[in-house]
Amino acid sequence: MGKNNVLIYTEWLEIIEDLDDIEISTLFQNILRYQSGIELLDMNKSTRIAFKPIKQAIDRDNQKYNAICE
(Lines give C-alpha, C1' and ligand atoms only; values in the text may rest on other atoms or scores of the structure.)
Protein backbone atom coordinates (compact mmCIF):
# COMPACT_ATOMS: atom_id res chain seq x y z
CA MET A 1 0.00 0.00 0.00
CA GLY A 2 1.33 3.42 -0.92
CA LYS A 3 1.38 6.60 1.07
CA ASN A 4 -2.18 7.56 1.97
CA ASN A 5 -1.63 11.01 3.43
CA VAL A 6 -0.46 14.42 2.36
CA LEU A 7 1.16 17.23 4.30
CA ILE A 8 -0.64 20.56 4.26
CA TYR A 9 1.63 23.58 4.66
CA THR A 10 0.48 26.85 6.20
CA GLU A 11 2.48 28.70 3.53
CA TRP A 12 -0.13 27.46 1.04
CA LEU A 13 -2.54 29.97 2.56
CA GLU A 14 -0.75 32.70 0.62
CA ILE A 15 -1.29 30.69 -2.58
CA ILE A 16 -5.01 30.11 -2.04
CA GLU A 17 -6.26 33.16 -0.17
CA ASP A 18 -7.41 34.93 -3.36
CA LEU A 19 -9.44 31.93 -4.56
CA ASP A 20 -13.18 31.78 -3.99
CA ASP A 21 -14.81 28.98 -1.99
CA ILE A 22 -15.59 26.83 -5.04
CA GLU A 23 -12.01 27.14 -6.31
CA ILE A 24 -10.63 26.23 -2.88
CA SER A 25 -12.94 23.21 -2.73
CA THR A 26 -11.82 22.07 -6.18
CA LEU A 27 -8.19 22.65 -5.27
CA PHE A 28 -8.45 20.66 -2.03
CA GLN A 29 -10.26 17.79 -3.75
CA ASN A 30 -7.55 17.72 -6.41
CA ILE A 31 -4.80 17.68 -3.77
CA LEU A 32 -6.36 14.53 -2.32
CA ARG A 33 -7.07 13.07 -5.76
CA TYR A 34 -3.48 13.69 -6.90
CA GLN A 35 -2.03 11.98 -3.82
CA SER A 36 -4.46 9.08 -4.30
CA GLY A 37 -3.67 8.68 -7.99
CA ILE A 38 -7.24 9.53 -8.99
CA GLU A 39 -8.09 11.59 -12.07
CA LEU A 40 -8.19 15.29 -11.28
CA LEU A 41 -11.29 17.44 -11.55
CA ASP A 42 -11.34 20.24 -14.12
CA MET A 43 -9.77 23.42 -12.81
CA ASN A 44 -10.04 26.99 -14.01
CA LYS A 45 -6.89 28.99 -14.69
CA SER A 46 -6.57 30.40 -11.16
CA THR A 47 -6.95 27.00 -9.57
CA ARG A 48 -4.45 25.42 -11.98
CA ILE A 49 -1.93 28.13 -11.12
CA ALA A 50 -2.46 27.54 -7.39
CA PHE A 51 -2.19 23.76 -7.82
CA LYS A 52 1.25 23.80 -9.50
CA PRO A 53 3.43 24.70 -6.49
CA ILE A 54 1.33 22.47 -4.24
CA LYS A 55 1.81 19.56 -6.64
CA GLN A 56 5.56 20.21 -6.60
CA ALA A 57 5.58 20.11 -2.79
CA ILE A 58 3.60 16.86 -2.79
CA ASP A 59 6.04 15.34 -5.27
CA ARG A 60 9.04 16.41 -3.13
CA ASP A 61 7.43 14.99 0.01
CA ASN A 62 6.68 11.72 -1.77
CA GLN A 63 10.28 11.45 -2.98
CA LYS A 64 11.54 11.96 0.59
CA TYR A 65 9.05 9.40 1.89
CA ASN A 66 10.07 6.83 -0.73
CA ALA A 67 13.77 7.38 0.02
CA ILE A 68 13.15 6.76 3.72
CA CYS A 69 11.15 3.61 2.94
CA GLU A 70 13.99 2.21 0.82
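If r is the Cβ-Cβ distance from I24 to K64 and R0 is 30 Å, what FRET efficiency results, to the nearest 0.05? It would help to have the intermediate numbers written out before the result.
Working: r = 26 Å, r/R0 = 0.88.
With a Förster radius of 30 Å, E is 0.70.
Which chymotrypsin sites (Phe, Trp or Tyr not before Pro) in the chain sit in a loop by DSSP (not H, G, I, E or B) and have at most 15 other Cβ atoms within 10 Å of their own Cβ?
Filter output for the chain: Y9.
Please enumerate, by chain and number, the aspartates and glutamates with C-alpha under 20 Å from the C-alpha of K45, excluding those fewer than 8 residues away in the same chain.
List returned: E14, E17, D18, D20, D21, E23.
As I understand it, the value is the acute angle between the Cα axis of helix 45-69 and the longest principal axis of the Cα atoms of the chain; what does it come to in degrees, rounded to 10?
10
Just to confirm, what accessible area per residue do you get for the chain at 1.4 Å probe, in whole Å²?
The answer is 76 Å² per residue.
Could you give the radius of gyration (one decimal) and Dmax (whole number) of the Cα atoms in the chain, in Å?
12.5, 40
Relative to the longest principal Cα axis of the chain, at what angle does helix 21-36 sit, 0 to 90 degrees, rounded to 10?
20
Let me know the charge dipole size of the chain about its Cα centre in debye, to the nearest 20, where only the beta-carbon of Lys, Arg (+1) and Asp, Glu (-1) is charged.
Computed about the Cα centre, the dipole is about 360 debye.
Probe radius 1.4 Å, ligands and nucleic acids ignored: give me the carbon and sulfur share of the accessible area of the chain as a rounded percent.
Summing carbon and sulfur atoms, their accessible area is 52 percent of the total for the chain.
Once you have the Cα-Cα distance between L32 and W12, take 0.36 nm times their residue separation minus that, and quote the gain in nm to one decimal.
5.7 nm
The values are calculated or read from the model by the stated rules, or taken from the named source; none is laboratory data. All values derive from a computational prediction rather than experimental measurement. Positions of Cβ are backbone-derived with ideal geometry, glycine not excepted, and every protein chain shown enters the neighbour counts. The area values use the complete protein model at the heavy-atom level, side chains included, leaving out ligands, DNA and RNA. Shrake-Rupley method; radii C 1.70, N 1.55, O 1.52, S 1.80 Å.
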